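One structure below.
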Amino acid sequence: MLRLPPFEYLAPRTIAEAVEMMLKHGSEAMLVAGGTDLYPNMKRRLFEPKKLVGLREIKEIKRLEINGTVTIGAGLTLAQISRHPVISERYPALATAAGLVSTPQLRNMGTVGGNLCIDTRCTYYNQTEQWREALSYCMKKDGHICWVAPGSSRCWAVNSSDTAPVMIALGASVRLVGPEGERTIPAQALYHNDGMEYLRKAPNEILTTIHLPNASGVKMVYKKLRRRGSFDFPILGVAVALRQAEDGTCIEANIVLGAVASYPIKATAAEEILVGQKLSDELIEEAAKAAFKPAKPLDNTDMGHPYRKQMVQVYVARALREIRDSQ
Ligand SMILES: Cc1cc2nc3c(=O)[nH]c(=O)nc-3n(C[C@H](O)[C@H](O)[C@H](O)COP(=O)(O)OP(=O)(O)OC[C@H]3O[C@@H](n4cnc5c(N)ncnc54)[C@H](O)[C@@H]3O)c2cc1C
Ligand code: SF4
């Protein structure tokens, strides 16, 4: 059985207290919410913080504010998001994505903020300390080489969040609070195409809320590919959000691919193909082909990467057809 390394758990009751604790303990401290990503990683000695600043007691980040738009507290669980009637009605793709994360137990513990900030994953990294030691480790933790691309100077670990592609497709923004103050950035700007520096935020910045713009008239779908239908991380996630005119002409298109790179990729060329057009079979195939191009899956997660790349085309086409056929 893998055991957690020793650490001290701190339980702030406000965001301000949490920020202060993170500042005080510097690089010795990490944030933890549900712990469903961090604790398994700590058991594998991928992280060995001396202090954990737990966010579970902070009420401020457990609210859902509903008016024309919706603001989600980062501390709400995936189960709460997936079952909330307003989220299901206004942002069904988000409810779907949250409801497809892992298992019911982990969705009851795991938070939406934690889901947006999960560590990137790789076959050579998400392993026990002994396994990694036998291989002299890798660049992302304790080593010097990338086993996926040995000539590469960067890490290619994969962003496997289910909700991140949906948040980006919906044009969400996230509020970050840290010792330097607070800022709000588009969800897309939170991510970086680098398996090691995967978030564009300071380690002591807390993601407090996610703001979803009004999505009336937007049709949206999230599709997830994984080996086991009720457990696994995505090996491909496709989020599509389309705004259409009454006659079905596409006014705005957002297509975001998850789990095929170190960050969620916006399939910009495919989006451009759709705008100004109606969703015919031919157009869907053309857009799906364009969406497949920027996907760069490598051999560092489940199933073969050529298969995963091919499936981008299939899943984007399926998502677009589902939107078209729902009209
Ligand atoms: C068996 C298994 C299967 C899984 N399957 C999936 C899956 O299918 N899809 C998927 O997306 N995930 C999956 N996960 C990962 C995880 O369960 C979820 O992503 C979950 O939402 C993480 O949320 P958490 O609150 O538990 O995060 P934590 O583990 O508490 O934190 C994760 C990371 O985010 C940081 N963090 C947490 N909250 C904040 C915040 N508010 N502000 C700033 N940083 C923060 C932490 O410091 C940590 O680095 C799986 C995990 C396991 C163990
Ligand atoms: S992509 Fe390379 S450096 Fe990154 S975790 Fe995998 S093996 Fe390590």
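Bear in mind these aren't lab numbers, they're just calculated from the coordinates by the rules spelled out. Since we're looking at a predicted model, the values are computed, not measured. Cβ coordinates were reconstructed from backbone atoms using ideal geometry, including for glycine residues, and neighbour counts include every protein chain displayed.
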*Check: region 1-144 dipole with +1 on Lys, Arg Cβ and -1 on Asp, Glu Cβ, in debye*: 240
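Roughly how many debye, to the nearest 20, is the charge dipole of region 280-327 about its Cα centre, given +1 on each Lys and Arg Cβ, -1 on each Asp and Glu Cβ, and no other charges?
Numbers: 8 positive and 8 negative charges, 40 e Å.
That gives a dipole near 200 debye.
Using Cα-Cα distances under 8 Å and only pairs 6 or more residues apart, what relative contact order does region 1-108 have, in percent?
After rounding, I find 24 percent.
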*Between region 1-19 and region 267-327, what is the C-alpha centre distance in whole Å?*
41
*asked:* To the nearest 20 Debye, how big is the dipole of the chain about its Cα centre, given +1 on the beta carbon of each Lys and Arg and -1 on that of each Asp and Glu?
replied: 640
*What FRET efficiency would be calculated for the residue pair T184, S152, taking the C-beta separation as r and a Förster radius of 45 Å, to the nearest 0.05?*
0.85
_Spelling out what I want: for every residue of region 227-233, take phi, set θ = phi - 60°, compute 6.51 cos²θ - 1.76 cosθ + 1.60 (Karplus), and round to whole Hz; glycine and proline get x._
6, 9, x, 10, 7, 7, 4
*In whole Å, what is the distance between the alpha-carbon centres of region 196-243 and region 48-81?*
16
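To the nearest µm²/s, what D does Stokes-Einstein give for the chain at 25 °C and 0.890 mPa s, using the Kirkwood radius over alpha carbon pairs as Rh?
121
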*Rel. contact order, % - alpha carbon contacts under 8 angstrom, at least six apart, the chain*: 15
_Among E197, E28, E60, residue whose mean-square fluctuation peaks in a GNM of the chain (springs only between Cα atoms under 10 Å)_ = E28
*For L283 and M1, compute 0.36 nm times the residue count separating them, minus their Cα-Cα distance, and round to one decimal in nm.*
96.3 nm
*Name the long-range amide H neighbours of I206: under 5 Å, sequence gap of 5 or more, or other chain; modelled H, no Pro or chain starts.*
V177, G178
